[in-house]
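The values are calculated or read from the model by the stated rules, or taken from the named source; none is laboratory data. For clarity, every value in this text was computed on a predicted model and none was experimentally measured. Cβ coordinates were reconstructed from backbone atoms using ideal geometry, including for glycine residues, and neighbour counts include every protein chain displayed. For accessibility, only protein heavy atoms count, side chains too; no ligands or nucleic acids. Shrake-Rupley method; radii C 1.70, N 1.55, O 1.52, S 1.80 Å.
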Amino acid sequence: MALFDFYDAGPIRQIATNLFSGWGYNFYRAENQLRADNQLVRAKASWLLGRAVACVESAESDYRREFLPPPSREHPFPDSKAVAAAQKLERLSRAIAALEAKIQEQPVPENDRMTQRYRKEAPTLQQLIAQDELLVGRCEMLRSLIDGQSGTALIEKLPAIENGLAAIHENLMQRAAILLQPA
């Protein structure tokens, strides 16, 4: 009889529940699903910006090949306008990559007792998901604006691209504000 008590679901379930609670995790809570969704959405937004960085880097490389040839006797120094334009593309690539890193390092509400005392986790996560939906939309708009464009076209569209970057940055600031506000 004692052998079969080991397989009794009651004590095993109690042990599992205690372990999950001790670890701060209960996989049947809606908050955990919302937290996982939030992380997935931010990963996709980051992926979209990674694609945009790759497009800008490719356009920059093509631009440098076309407008900055190797030095020769006739032209020992590169054209200063072409160098400035290539540097703008390089700065654009770094700015998008920095924004991608900011998205990846964005926090989600902690799942601890002190946080739960001051904030309702599910409504906070729902607000974050709403912000992240906007974030993904803006990242896709930026990526589609950049995708397949030449370096020259990107330089012409630079004000619109910078506005898109500013909108994404503002979105991240609003997201951070949600996490800082008390319930």
Filter result for the condition that a residue is surrounded by 19 or more Cβ atoms within 10 Å (Cβ to Cβ) and modelled with pLDDT under 90, over Arg42, Arg73, Arg117, Arg143 | Arg42
Complete set of residues in the range 65-107 that are of a type in the set (Lys, Arg) and in contact (Cβ under 8 Å) with a residue 40 or more places away in the chain | Lys88, Lys102
Selected residue [farther than 16 Å from Ala52 by Cα, polar (S, T, N, Q), modelled with pLDDT of 90 or more and part of a helix (DSSP H, G or I)] from Asn163, Asn171 = Asn171
Answer yes if at least one residue in the range 97-105 is modelled with pLDDT under 90 and within 30 Å of Leu180 (Cβ to Cβ), and no otherwise.
-> yes
Six or more apart or on different chains, Cβ under 8 Å: which pairs go from a residue in the range 147-173 that's closer than 14 Å to Ile96 by Cα to one that's open to solvent by 60 Å² or more (accessible area, probe 1.4 Å)? Could you list them?
-> Asp147/Arg51; Leu158/Lys88; Gly164/Arg138; Gly164/Met141; Ala167/Arg138; Ile168/Arg138; His169/Lys102; Leu172/Lys102
Leu125 vs. criteria at pLDDT below 90 and either open to solvent by less than 60 Å² (accessible area, probe 1.4 Å) or part of a helix (DSSP H, G or I) (or both) | yes
Complete set of residues in the range 159-183 that are under 15 Å from Ala85 (Cβ atoms) and either in contact with a strand residue (DSSP E or B) (Cβ under 8 Å, 6 or more places away or on another chain) or surrounded by 15 or more Cβ atoms within 10 Å (Cβ to Cβ) (or both) | Ile161
Checked the range 140-152 for anything closer than 14 Å to Ser61 by Cα and not β-branched (Val, Ile, Thr); matches are Gly148, Gln149, Ser150, Gly151
